[in-house]
Amino acid sequence: MHRGPDISEHWSGQAVGHLLVGEGHRQVFAHFGRVDHSVVERLLAEAESASLAAGDVVSVRKRLFNVLVEGLENVHVHAGEQFADTGFALLVDAGDGYRLAFGNALPMATAALLSHRVEVLNSMDEADLKQHFMLMLGNDARTERGGAGLGLLTMARKSHRPMVVRTLPLNEGAAYFVMELAVMRG
């Protein structure tokens, strides 16, 4: 199984290194750098292999894949060319479920906006999330890069909440943005 480079050597290590600490925690994959279609396919294949080996039921695999696809797609689409090489994705099998983390550098204002959106989604219950999702599906305000918030909403609906976000300063106008999620087996 491909594990990738040591996370302690990457900027994301200070934000998500704790995910690897714990009885039975096992890194499924760690990817650092650009996220393109081939990377997404490879990481999904690694996640599927690990999930099948762990004997996960179909519903857990489906939720895991939904969250993985949305998180990887966010890094791919929203990092932009300026920050494309700063992306990362981490998947850890923690025994009771999976811990996922995604991130990349972003303009400071975008990181603040995303943090606020996640805070709002974390405050919603399941019924509110479902109703909001249905409203968003009918929203014609989406851009060619997405932008309507469906990816964040899908991650909120399919993962164990709260979703956790962290920002780490990069420079005066940009920050590293990290999103941490969990998909539980039970």
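The values are calculated or read from the model by the stated rules, or taken from the named source; none is laboratory data. All values reported here derive from a predicted model rather than from experimental measurement. Note that each Cβ is placed from the backbone with ideal geometry, even for glycine, and that neighbours are counted across all protein chains shown.
Points worth noting:
- Residues in the range 118-156 that are at pLDDT 85 or above and of a type in the set (Val, Ile, Thr): 118, 120, 154.
- Residue in the range 29-41 that is within 20 Å of residue 175 (Cα to Cα) and more than 14 Å from the chain's Cα centre (by Cα) present: yes
Residue by residue, here is whether (1) touching a strand residue (DSSP E or B) at 6+ places or on another chain (Cβ under 6 Å); (2) more than 25 Å from residue 18 (Cα to Cα); (3) in a loop (DSSP other than H, G, I, E, B) holds:
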| position | (1), (2), (3) |
| --- | --- |
| 73 | no, no, no |
| 82 | no, yes, no |
| 99 | yes, no, no |
| 109 | no, yes, no |
| 122 | yes, no, no |
| 176 | yes, no, no |
| 179 | yes, no, no |
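- Selection count where residues are more than 19 Å from residue 123 (Cβ to Cβ), surrounded by fewer than 20 Cβ atoms within 10 Å (Cβ to Cβ) and at pLDDT 95 or above, scope the range 157-186: 2
- Between 40, 60, the distinction of being in contact with a Lys or Arg (Cβ under 9 Å, 6 or more places away or on another chain), surrounded by fewer than 20 Cβ atoms within 10 Å (Cβ to Cβ), in contact (Cβ under 8 Å) with a residue 12 or more places away in the chain and in a helix (DSSP H, G or I) belongs to 60 only.
- For the range 84-97, the set of residues classified as over 16 Å from residue 20 (Cα atoms) and within 14 Å of the chain's Cα centre (by Cα) consists of 87 only.
- Filter pass, residue 105 being crowded, with 16+ Cβ neighbours inside 10 Å and in a helix (DSSP H, G or I): no
- Residue in the range 27-37 that is assigned to a helix (DSSP H, G or I) and within 22 Å of residue 156 (Cβ to Cβ) present: no
- Here the range 88-127 is the region considered, the condition is being among the β-branched types (Val, Ile, Thr) and touching a Leu at 6+ places or on another chain (Cβ under 8 Å), and the residue that is nearest to residue 10 (Cα to Cα) is 92.
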